[in-house]
Amino acid sequence: MPDERDPRPIPEESGPAPAGGNPGAAIDGETPAPKTPAAPAVPLSAAAIADDPEAPAPAAPGEGYQIKLPAFEGPLDLLLFLIKKKKIEIHDIPISIITREYLVYLRDRSLINIDREAEFLLMAAILIYLKSQTLLPREKVADPDVELRQRNFDHLLPIERIQAVAHLLRDKEEEQSQIWTRSTFNAPLPDQDLDLVEVSLFDLAESFFALMKRKQKESFRVIKGKEISLAEKTEEIVAALKSRGVLDFLDYLWEQESLEDALVAFFCLLELIKARIVLAVQEQLFNTIKVWLRREAPPEEAA
Amino acid sequence: MTDNLKSVIEALIFISVEPLTTDRIKEALPDAGEAEIEEALRQLIDDYANGPQAIRITPSAGGYVFSTKPEYDVPVRALLQIERRKKLSGQALETLSAIAYHQPVTQAEIAAIRSVDSTHSLHTLLENKLIKIAGRKEAPGRPLLYRTTDKFLAYFGLDSIDDLPSAEELKKLMEQGNG
C-alpha cells in the first residue's frame, strides 16, 4: 500500500482539493462547504476504509471540527481509527496543533453541540493517551516480592520469636489491664480516654453540617421515598457500637448510604446522647468526635 | 533525714500524672545526694508494696508512678463505667513485637518478618501512640522508620525496652519451651 507509506505529501499533491479546508472553512462547520470534509484525506482514508468495514463512516459535510495537518486531514474519529490500525504513525501527528486549533474553533462558535464536542474530547483524550504512551519510556513494574527477596533481611528475627514476644506482651497487657494510674496513661484505647472533652450539641451539629456539605458535593442524589425508622436506626447504631466498641461520629455518618440515612442516624445519635446511653467526646488533638456506649443497657446491668 | 526525704519524694510522685523520672526528682531536690534519693525511693516503693494501701509505686517507662493494685480493678472500672478494657489484636501485637526488637524499623522489614501486610496494624498502633515515626531511612525510597514510644512501655508495664528478653534469651526461652 504505497499510498499509506507516507501520507504527508498527499495533501500537497491534491493541492486544490483542501482549499475548502483552509482554516476558516474547516473551522466553521456551519458553512455548507461543498466539499466533504473527509475529501482531503481521501487518498489515504479511502484505501483504509475500503479494506476495513469497521472504519467510521466519513463525516457528513459541515459536521464538527475537522483536523488539517500535513499528515492527515479529516475528522478526528477517522484519525484515531487509522492510528489504531497503525495506518498512520502517531509521531507524525502534532497534538498541540490539534488542541490549539480546536480551542480556536470552539471559541468562534456561538452554539455548540454538547454531544459532538464531548465525543471529540473523548477521542482527543484517547489520542493524547496513545501518544504519551509512545513518548514515555516504559517502566518495568517491579515485583514487590522479588524486590523484597533481593534486599538483605538476614538480621531480622524469625517470626516464631516475634510471636513469642507477642505472647509475652499479651500476658503483660492482661496484667496491666487490672492496674490503674491517675492518668489514662496506660490505657491507649478509647474506652479509657476519660479525660477527653465531652462534646456539646453545637460541636455535633457543626461537624454534621460540615459533613453534609461534603456529602452534597459528592453526589446529587434524588431523594427516594424510602422510609427509615428511627427505632431501627437506633438499634443499628447500638449494634454497631457493641460490635465495634467505638465509633467515629463523622465516619459513621459518612458511611451512611444516603443523605436521609445520615440525617436519621444523626438524630438517633443525638437521642442516644441525650438518654445518656452513649457518650460523645472529642479528642482535642485530632478534633474527631468519638461515640461509645456508656455501659451495657442499664436494665441488664441492674439485673 | 531519709524518712523526710521519703515523704518529699512521695509527694512529688503523687502530683505527677505521668511517670516521674529520678532525674526530675534530683532536679527538684538539689540538696539531696543522688545515692540518698535512690535509697529513699527504694524504701518508699517497698513500703507501699508491703503496706496495706490500695496503691503502690510502679516503675514505668523510666519513671515512677502511683497505680492501683490489681485487686481493685473491678471497683475502679465500675467507677469509670468501663465494662472491660480493649485489647490489642494479635496482628497489632505481632507488629508491635517486630518493631520493639528491630527499631528503628521500616514497614518493608516488618513485612519481611511477618510475611503479611502490616499497614492496618501500623495505623492502629500509631493512632494509639504505642509507636511513632522516627524519621526516614537513608535508603532507596527513604521509607519511614518506626519506634516504640514511652506509652508502649507504660502500657505493658515495662520500665525500659531492656525489660523485654534479649534475642538470645528469647532463643533459650523457646528452646526450653520446645524441650
Inset, instruction - Mind listing whichever residues of segment A:232-282 are closer than 21 Å to B:Arg84 by Cα and among the acidic types (Asp, Glu)? - result: A:Asp248
Inset, instruction - Return a yes/no flag: does segment B:77-88 have any residue that is under 18 Å from A:Leu169 (Cα atoms), β-branched (Val, Ile, Thr) and within 10 Å of chain A (Cβ to nearest Cβ). - result: no
Inset, instruction - Restrict the check to segment B:131-139 and report whether at least one residue is at pLDDT 85 or above, touching a helix residue (DSSP H, G or I) at 6+ places or on another chain (Cβ under 9 Å) and within 26 Å of A:Gln178 (Cα to Cα). - result: yes
Legend entry - Pair list, Cβ under 6 Å, 6 or more apart: segment B:100-116 residue within 17 Å of B:Glu138 (Cα to Cα) and more than 7 Å from chain A (Cβ to nearest Cβ), other residue among the aromatic types (Phe, Trp, Tyr) and crowded, with 21+ Cβ neighbours inside 10 Å: B:Val105/B:Tyr146
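The rows are residues; the columns are (1) modelled with pLDDT under 80; (2) of a type in the set (D, E, K, R); (3) surrounded by fewer than 13 Cβ atoms within 10 Å (Cβ to Cβ).
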{"position": "A:Ile95", "(1), (2), (3)": "no, no, no"}
{"position": "A:Ile98", "(1), (2), (3)": "no, no, no"}
{"position": "A:Asp108", "(1), (2), (3)": "no, yes, yes"}
{"position": "A:Leu122", "(1), (2), (3)": "no, no, no"}
{"position": "A:Ile128", "(1), (2), (3)": "no, no, no"}
{"position": "A:Lys131", "(1), (2), (3)": "no, yes, no"}
{"position": "A:Pro137", "(1), (2), (3)": "yes, no, yes"}
{"position": "A:Val141", "(1), (2), (3)": "yes, no, yes"}
Inset, instruction - State whether one or more residues within segment B:136-153 are loosely packed, with under 12 Cβ neighbours inside 10 Å and outside any loop (DSSP other than H, G, I, E, B). - result: no
Inset, instruction - State yes or no: is B:Ala78 surrounded by fewer than 17 Cβ atoms within 10 Å (Cβ to Cβ), without any contact (Cβ under 8 Å) to a residue 40 or more places away in the chain and within 23 Å of the chain's Cα centre (by Cα)? - result: no
Legend entry - Any hit, segment A:62-69, residues being modelled with pLDDT under 85 and either among the small types (Gly, Ala, Ser) or in a helix (DSSP H, G or I) (or both): yes
Inset, instruction - Mind listing whichever residues of segment B:1-20 are in contact with a Phe, Trp or Tyr (Cβ under 7 Å, 6 or more places away or on another chain) and in a helix (DSSP H, G or I)? - result: B:Ile13, B:Phe14
Inset, instruction - Report the residue count in segment A:157-182 for those that are more than 7 Å from chain B (Cβ to nearest Cβ) and of a type in the set (Gly, Ala, Ser). - result: 0
Inset, instruction - Looking only at segment B:57-72, decide whether some residue is over 15 Å from the mean Cα position of the chain (by Cα), surrounded by fewer than 14 Cβ atoms within 10 Å (Cβ to Cβ), more than 9 Å from chain A (Cβ to nearest Cβ) and within 21 Å of A:Gln178 (Cα to Cα). - result: no
Legend entry - Elements of type helices (runs of 4 or more DSSP H) in segment B:21-134, at least 2 residues being more than 23 Å from A:Arg161 (Cβ to Cβ): B:22-28, B:34-50, B:73-80, B:119-127
Inset, instruction - Just need a number here: residues in segment B:147-176 that are touching a strand residue (DSSP E or B) at 6+ places or on another chain (Cβ under 6 Å) and within 9 Å of another protein chain (Cβ to nearest Cβ). - result: 1
Legend entry - Cross-chain or 6+ apart pairs with Cβ under 7 Å, segment B:10-26 first and in the same structural domain as B:Glu39 (by TED's automatic domain parsing), then part of a loop (DSSP other than H, G, I, E, B): B:Val17/A:Arg182; B:Val17/A:Ser183; B:Glu18/A:Ser183; B:Glu18/A:Phe185; B:Pro19/B:Ala61; B:Pro19/B:Gly62; B:Thr21/B:Gly62
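The values are calculated or read from the model by the stated rules, or taken from the named source; none is laboratory data. Just so it is clear, the structure is predicted and the values come from calculations on it, not from any experiment. As a convention, Cβ positions derive from the backbone with ideal geometry for all residues, glycine included, and neighbour counts pool all protein chains shown.
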